[in-house]
Amino acid sequence: MHRHGYKGRKFHREKDQRNALIKGLADSLIKYESIETTLPKAKEVLPYVEKLITKAKNNSLHNRRQVIAKLQTVSSAHKLVDEIAPKLTSRQSGHLRIVKTKMRQGDNTQLAKISFVDDLKNQEIVPDNVAATKTTIKTPSNKVEEAKK
């Protein structure tokens with residue numbers, strides 16, 4: 001039997017159990033903003049959450065309902081749309097990172113930490129019209145010119 005055309009990992013689970021696992025991991029990632037899980041699970045949940053973030057950036061009722069359908073809890077969906085997505089408007093993609101951490105002692109499997117690339121705790125929510133304008137960096141020569149005026 002060939003391997004072509006099969007995407008995704010099975011994790012020794014039925015389809016509904018796999019979907020529940022991915023939903024739960026995505027929900028925890030949004031709730032805690034960083035989780036540690038096995039490397040294959042982290043690799044599987046990464047594109048799932050990236051697509052949710054892309055939907056959440058366009059804050060419309062339809063997109064909000066799609067995000068709610070893809071997550072386990074409504075509160076985490078609202079957190080993604082209202083708090084996290086506005087902080088990530090400066091980045092088109094690549095919102096998450098996977099870092100290998102350690103080997104699990106029980107079965108020696110590779111663990112990985114999945115988290116947001118940007119530090120969400122120190123960022124403020126920037127309105128869309130302010131994010132589009134570029135700020136000028138004041139260099140010493142610019143400061144001298146302003147002082148002359």
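We did not get these values from a lab; they are worked out from the coordinates using the rules stated. Treat the numbers as computed from the prediction; the structure is a model and nothing was measured. FYI the Cβ positions are ideal-geometry reconstructions off the backbone, even for glycines, and counts take in every protein chain you see.
Charges at C-beta only: +1 for Lys and Arg, -1 for Asp and Glu. How large is the resulting dipole of region 15-124 about its Cα centre, in Debye rounded to 20?
That gives region 15-124 a dipole magnitude of about 280 debye.
When you count, for each residue, the other Cβ atoms within 10 Å and take the mean per peptide, how do 68-75, 45-52 rank with the highest first?
45-52, 68-75
How far apart, in nm, are two points set 7 Å out from the Cα along the Cα-to-Cβ line at residue 62 and at residue 6?
Each label point lies 7 Å from its Cα, and together they span 3.6 nm.
Taking a ≥ b ≥ c as the square roots of the eigenvalues of the Cα gyration tensor of region 15-124, is the shape rounded (a/c under 1.5), prolate (a/b larger than b/c) or oblate?
Oblate.
How many nm is it between the label spots at residue 98 and residue 17, if each spot is 7 Å from the Cα in line with the beta carbon?
2.2 nm
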